[in-house]
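One structure is given below, encoded as structure tokens.
The values are calculated or read from the model by the stated rules, or taken from the named source; none is laboratory data. All values derive from a computational prediction rather than experimental measurement. For neighbour counting, all protein chains shown are included, and Cβ atoms are generated from backbone atoms with ideal geometry for every residue, glycine included.
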Amino acid sequence: MKILVAGGAGFIGSHLIDRLLQEGHTIVCADKLIFGSDNIQHLLNDQKLEETGKFKFHEIELADQKQVDNLFAEYEIDAVYHLAANSDIQKGGKEPDIDFNDTFLTTRTILEGMRKADVKNIFFASTSAVYGEMPDVALTETTGGLQPVSYYGGAKLASEALISSYVSMCGLNAVIFRFPNVIGPRLTHGAVFDFIRKLRQNPHELEILGDGTQCKPYIYVFDLIHAIVKLTKDFGPGEEVYNISVKGGGTTVTHIAEIVVELLGLKQTAFRYTGGDRGWKGDVPRFSYDISKVLSAGWEPRYTSDEAVRKTVEDALEAGM
């Protein structure tokens, strides 16, 4: 297939492109390079990919309808993998326009581009943030009363709703994944990244936002990529939504800090908590996922949350961080 990966230069998108190329697909990557092109530099430098035309990159504003329409006009796209979004929830909390533009408007322009070009298949990267705060509920794909508490979660839920309407009105086939924190190689921000950076600057004291008891599942990026590829090999009719997570519960912020300290070989690091039950306004301190639907589809995560955190710290240190 010829696949458009929107947001393909990002952390998750770049890993997805690597896997889709291995599967033999032709990839058109579109991204405005908020975090630069480091994640896809190996693809841009690959002479064989350039000669065969198996990988094409376009630096564009995906919230701009004309630019998106031009992209669909240039290529005969078979499927869209939409991962373009603001990935920094804290930053979006300070500047609401970021999520409106990068998370919601990108969905609108992509869907309109698909409608005009008669492209039927879309994968959408959604999030656990669409559920809002339901700490005592085992969240399933059909859990109702969704009330996001962040602009990011609201923009993702609005995007899901818009996709549903295009499925109904235009006969699209959609697969939507709602996943929690994703970590692994090429990670650019988040608790693991921040703790390593802070401890490199001051190994004696580490500031931890909140009270450290915030507990969330962390999924290793290659487990997520495996799930995406497995469940989009064939786009069935209509819309399917999946919760994607790990087995065995989540990892507390304090335990992430302990793993980082251990793997850095530090002996006397004091933890200083800012207080409160969350790191910032819009943060959901804990939630519980029911992933029985995706497990019944034949996918299994390789790593637990704690194992994913440990592996990610090892990846970062091996990369010279």
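Per-structure values
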| quantity | calculated |
| --- | --- |
| Residue satisfying all of: in the stretch 78-96; under 27 Å from PHE55 (Cβ atoms) and surrounded by fewer than 20 Cβ atoms within 10 Å (Cβ to Cβ); modelled with the highest pLDDT among these | ASP78 |
| Restricting the stretch 97-129 to residues that are in contact with a Phe, Trp or Tyr (Cβ under 7 Å, 6 or more places away or on another chain), buried (at least 21 other Cβ atoms within 10 Å of the Cβ) and not hydrophobic (A, V, I, L, M, F, W, C), the residue that is farthest from GLY190 (Cα to Cα) | GLY113 |
| First in the stretch 289-315 and over 13 Å from VAL221 (Cβ atoms), second anywhere and of a type in the set (Asp, Glu) and not in a helix (DSSP H, G or I), Cβ under 7 Å, 6 or more apart | LYS293/GLU141 |
| Single unsatisfied condition, ALA297 versus (1) at pLDDT 95 or above; (2) crowded, with 19+ Cβ neighbours inside 10 Å; (3) more than 24 Å from PRO203 (Cα to Cα); (4) among the small types (Gly, Ala, Ser) | (2) |
| Qualifying residues in the stretch 1-59 (those that are hydroxyl-bearing (Ser, Thr, Tyr) and assigned to a helix (DSSP H, G or I)) - the one nearest to LEU83 (Cα to Cα) | SER14 |
| Count - residues of the stretch 83-127 that are without any contact (Cβ under 8 Å) to a residue 12 or more places away in the chain, part of a helix (DSSP H, G or I) and among the acidic types (Asp, Glu) | 1 |
| Per-region count, the stretch 230-245, residues more than 17 Å from PRO285 (Cα to Cα) and buried (at least 16 other Cβ atoms within 10 Å of the Cβ) | 9 |
| Pick from the stretch 160-192, criterion polar (S, T, N, Q) and not in a helix (DSSP H, G or I), ranking: farthest from GLY236 (Cα to Cα) | THR188 |
